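Here is the structure we will look at.
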Amino acid sequence: MSPRPYQMAQRQAATDATRERVLAGAHELLAAQSFSGFTMDAVARKANVSRLTVYYQFNSKAGLLEALYDYLAKRGQMSRLPEVFRPGNDPARTLHDFMGVFAGFWASDRNVIRRLHALAAIDPEVARGLHARNERRRNGLKEILERYGRVYFPLTSLQQSDAIDTLHMLTSFETFDALAGSTRTVDEVMETLGKLADQAIGFRPGRE
């Protein structure tokens, strides 16, 4: 006899709660120290669960870090991104909104994101996950430029390739982190990034 629906729901709720607790523990641990002390055992202790539970939920350290990135994205309001691409948006405005979403995300938890990116530099498995995310950002920029070409003026293949590379750099965490430093606000960084982005695509505000 299969479990009753409410029993299954209770089990799923318990599993989800455990997963959330592990992610919160992983976040707290990575925020408090460098990734050298970030181990599955340390995360398990922080979340007050067994090491086996952590592996059951995430399979590996790379799986845990991938889930942690999703956890950070949720906290950093990356859910706003689909709204940026709604039909009818001016593509020049879409580009700035796209950049703003990422700037807000990068600013939401800079220390932890910085450590995750540093870890990717020495861990190939983590690097692959980060590369896949970066490619999704690149694809978003490509879509924006295609819309831009239809509304304003088309870019040649070379111009589009160069523009995408430049915009990909401008929307990266590394660029945001360097520009923000210890004193600049998101709005101040975005003012600089917006001007550079407009230059990259040859857009001048007010030009038809």
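Between Thr166 and Ala121, what is 0.36 nm times their sequence separation minus the Cα-Cα distance? Round to one decimal in nm. Numbers along the way, then the final one.
Working: separation 45, 0.36 × 45 = 16.20 nm, distance 2.14 nm.
Gain on stretching Thr166 to Ala121: 14.1 nm.
Sorting Ser161, Ser172 by the number of Cβ atoms found within 10 Å of their own Cβ, with the fewest placed first, yields Ser161, Ser172.
Can you put Thr18, Thr94 in order of Cβ neighbours within 10 angstrom, beginning with the fewest?
Numbers: Thr18 17, Thr94 20.
Fewest-to-most Cβ neighbours within 10 Å comes out as Thr18, Thr94.
Here is how the number arises for the chain: DSSP H runs of 4 or more residues each give -39500 (n - 2.57), the sum is divided by the residue count, and the result at 222 nm is -24500 deg cm²/dmol. Between beta-carbons, use under 13 Å as the cut-off and find the net charge around Arg45, counting Lys and Arg +1, Asp and Glu -1. Here the count lands on +1.
Two tests apply to each whole DSSP H helix in the chain, Cα reach of 30 Å or more along its axis and mean Kyte-Doolittle hydropathy of at least -1.0, and the ones passing both are 5-32.
Over the Cα atoms of the chain, what is the Rg over Rh ratio if Rh follows Kirkwood?
Values: Rg = 20.3 Å, Rh = 19.1 Å.
On the Cα set of the chain, Rg over Rh gives 1.06.
All other residues whose Cβ lies under 12 angstrom from that of Glu125 are scored, Lys and Arg at +1 and Asp and Glu at -1, for a net of 0. The range 97-168 and the range 53-74 have Cα centres spaced 22 Å apart.
Every read-out reported here was derived from the displayed coordinates using simple, explicitly stated rules and does not represent laboratory data. Keep in mind that this is a model prediction, so the values were computed, not measured. So basically every Cβ, Gly included, is an ideal-geometry build from the backbone, and we count neighbours across all protein chains shown.
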